[in-house]
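One structure is given below, encoded as structure tokens.
Taken together, the values in this text are just the output of simple stated rules run on the coordinates, not laboratory data. None of the values given here were measured: they were computed from a predicted structure. Every residue, glycine among them, receives a Cβ derived from its backbone with ideal geometry; neighbour counts consider all protein chains shown.
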Amino acid sequence: MALLEVNDISVRFGGIVALSDVTFDIEEGSICGLIGPNGAGKTTMFNVISRIYDPTTGSIRFNGGDLVGGSSDVAPHLISQVGIFRTFQNLALWDRMSVIENVMAGAHVRSKGNFFSSMLNIGRKKEEAELASQAFTILADLDLAGVAFQQCAGLPYGTLKRIELARALMGNPKLLMLDEPATGLTHSEVDELSLVIQKIRTDYDLTILLVEHHMGLVMSISEKVVVLDFGKKIAQGLPSEVQENPAVIEAYLGAP
Ligand code: ATP
């Protein structure tokens, strides 16, 4: 069953066509790579799925319901409550807070109140302890238990990237969208990231959409790869099929 169905999505910014009639779907529980040269429309697609941009035309269905372009769309501010989470190209952690506090902050999206004000409320101590326990379990799953009570400032970049993943997991995602998670990582950190992504997919029942320029990572962990070029989908299929597709080689993989 498809968790996400993207139907004929187009996005125009004035005269610029960022996406043109793009259609693809993502099977529940799978990892789907979304690749393409710079300016192909990958980030725009992320922004449409996460309801930051409205598409000019087209529709998206998520988990059997309308996400956008239907009769009962998900309001942008409720996107995390339906189970859609993303990480960003640039880190968005609070340097002065501890690792576990950063991860606990990921839970505020699922409560109606403000997480930080609830942290100050003595009446919420039990809830706070439960959140801390859940955050610690997630950190342990990601091999981060040893840094749980350290400040984020000064930790290695690869560790910070994993902390972002941990924070996203606190929201109970169904669909996790990763925006270039390998950027800035060393070779061995990319290998670790590959294992972590596959582990959390299984352990947390995730479906993952991965935008990434690191071809080794995309091709090794994705069940399906969708290729964009100048806003159009030029190929989709198994990594091995996409790698051999002449249009993809010309547009992207063969680029100097
Ligand atoms: P990269 O790999 O460099 O991040 P991308 O595949 O993510 O590229 P997008 O950032 O989605 O590509 O950009 C697609 C096209 O839309 C580009 O021509 C870009 O300049 C344009 N674009 C994106 N966002 C906007 C915007 N807010 N206003 C105007 N044009 C935009």
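Can you tell me which residues in segment 2-17 are in contact (Cβ under 8 Å) with a residue 24 or more places away in the chain, more than 23 Å from H77 (Cβ to Cβ) and near the ligand (Cβ under 10 Å from one of its atoms)?
Matches in segment 2-17: R12, V17.
For segment 31-44, what are the residues that are out of contact with any strand residue (DSSP E or B) (no Cβ under 6 Å at 6 or more places or on another chain) and more than 6 Å from the ligand (Cβ to nearest atom)?
P37
Of all the residues that make up segment 212-232, how many are outside any strand (DSSP E or B), buried (at least 18 other Cβ atoms within 10 Å of the Cβ) and more than 16 Å from the ligand (Cβ to nearest atom)?
Here the count works out to 3.
All but one of (1) in contact with a helix residue (DSSP H, G or I) (Cβ under 9 Å, 6 or more places away or on another chain); (2) closer than 22 Å to L193 by Cβ hold for R51; which doesn't?
Status for R51: all satisfied but (2).
Do we have G154 as out of contact with any Cys (no Cβ under 9 Å at 6 or more places or on another chain), farther than 30 Å from V11 by Cα and part of a loop (DSSP other than H, G, I, E, B) here?
When the stated conditions are applied, G154 passes them.
One residue is enough: does segment 54-75 have a residue meeting the conditions within 13 Å of the ligand (Cβ to nearest atom) and surrounded by fewer than 19 Cβ atoms within 10 Å (Cβ to Cβ)?
yes
Could you tell me which residue of segment 18-30 is nearest to the ligand (Cβ to nearest atom), considering only residues that are out of contact with any Lys or Arg (no Cβ under 6 Å at 6 or more places or on another chain) and of a type in the set (A, V, I, L, M)?
Step by step, filter segment 18-30, then rank; the result is A18.
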